[in-house]
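Here is the structure we will look at.
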Amino acid sequence: MAALRLVPVLLTALLLSACASPGGTVAVVAAGNLTRNNAPTLSAAVRTVGIPKHSASTGGSSLSSIPPVLVQLLPFNDDRADQDTEGTATAAFGVPMGRIRFDPSPATLLGQVVRTEIAAAGHTVRDDTQGTQITGSVRAFEAHTETSLLYWDVIGNLAVSLNIAVARGTGPQTRLDYQARCTDRTYVWPSQAVIAGVMRRCIGDFSNTLRSDGRAANALRGAESGR
């Protein structure tokens, strides 16, 4: 009897897998020195997932515990092996259902996160200053699905490296590596909102780690004193 009760559920899952459409529109968005500024229009199989602008949490943190620092934040580099896609979605039995792209681009997005967190900690962030210099490198930023007959697991990953040095990158640099992995389970086709929610959780984990990272605070203080 229990097996019979599962039949409608399995049929529903199979129908969803067979009939679900990736949907979405194509948007190629980039900034700074990213190589895909002039990328050709992609096929309709690409799902564009918008990520809302990051807002920093209020309250004390390691970054706010040091005296104010003047920071020059340079555009982040996108050092991922594949810059043309940020993930894939599949239906049951591994049937491909389209690629995933994010808007804004990962380098733009993570640069904005770092800018917001440093400014919220009481520091001044500018693009045209001779202050302490921060550069960033995106090493991973992707979402993909792992699928069964009943559900999709949406899995997000990010990895970013920050380099903190005195003005113009002279002298010793401090490299800080961060990464995050997040998951969510859905029993219907994973929408843009679900995928965006997973990546926002990864971004939140990264920003929380950066905010409370004593290494970052010490690097900023040391670079400021070495100017």
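The values are calculated or read from the model by the stated rules, or taken from the named source; none is laboratory data. All of these numbers come straight from a predicted model, not from anything done at the bench. Cβ coordinates were reconstructed from backbone atoms using ideal geometry, including for glycine residues, and neighbour counts include every protein chain displayed.
One residue alone among Ala31, Ala27, Ala45, Ala20 is under 29 Å from Ser191 (Cα atoms) and modelled with pLDDT of 80 or more, and that residue is Ala45. Exactly one residue out of Leu109, Leu74, Leu149 is farther than 30 Å from Ala45 by Cβ and hydrophobic (A, V, I, L, M, F, W, C), and it is Leu74. Among the conditions (1) within 20 Å of Ser207 (Cα to Cα); (2) touching a residue at least 24 places away in the same chain (Cβ under 8 Å); (3) surrounded by fewer than 19 Cβ atoms within 10 Å (Cβ to Cβ), Leu149 misses just one, which is (1). Taken residue by residue, segment 154-164 has no member that is surrounded by fewer than 18 Cβ atoms within 10 Å (Cβ to Cβ) and without any contact (Cβ under 8 Å) to a residue 12 or more places away in the chain. In segment 59-86, the residue that is nearest to the chain's Cα centre (by Cα) out of those that are hydroxyl-bearing (Ser, Thr, Tyr) and in a loop (DSSP other than H, G, I, E, B) is Thr85. Remark: Asp205 falls outside the filter, which requires a residue to be assigned to a strand (DSSP E or B) and either farther than 14 Å from Val113 by Cβ or without any contact (Cβ under 8 Å) to a residue 60 or more places away in the chain (or both). When Ile134 is tested against the conditions (1) more than 13 Å from Val71 (Cβ to Cβ); (2) in a strand (DSSP E or B), the lone failure is (1).
For Ser57, the criteria (1) of a type in the set (Gly, Ala, Ser); (2) crowded, with 18+ Cβ neighbours inside 10 Å; (3) closer than 21 Å to Thr209 by Cα hold in every case but one, which is (2). Determine if segment 145-153 includes at least one residue that is touching a strand residue (DSSP E or B) at 6+ places or on another chain (Cβ under 7 Å) and small (Gly, Ala, Ser). The answer is no; no qualifying residue exists. Condition first: within 21 Å of Gly197 (Cα to Cα), buried (at least 21 other Cβ atoms within 10 Å of the Cβ) and not charged (D, E, K, R). Can you find one or more residues in segment 81-88 that meet it? Yes, because at least one residue in segment 81-88 is within 21 Å of Gly197 (Cα to Cα), buried (at least 21 other Cβ atoms within 10 Å of the Cβ) and not charged (D, E, K, R).
Might you check whether a residue that is in contact with a Pro (Cβ under 6 Å, 6 or more places away or on another chain) and modelled with pLDDT of 95 or more occurs anywhere in segment 123-130? Checked segment 123-130: no residue is in contact with a Pro (Cβ under 6 Å, 6 or more places away or on another chain) and modelled with pLDDT of 95 or more.
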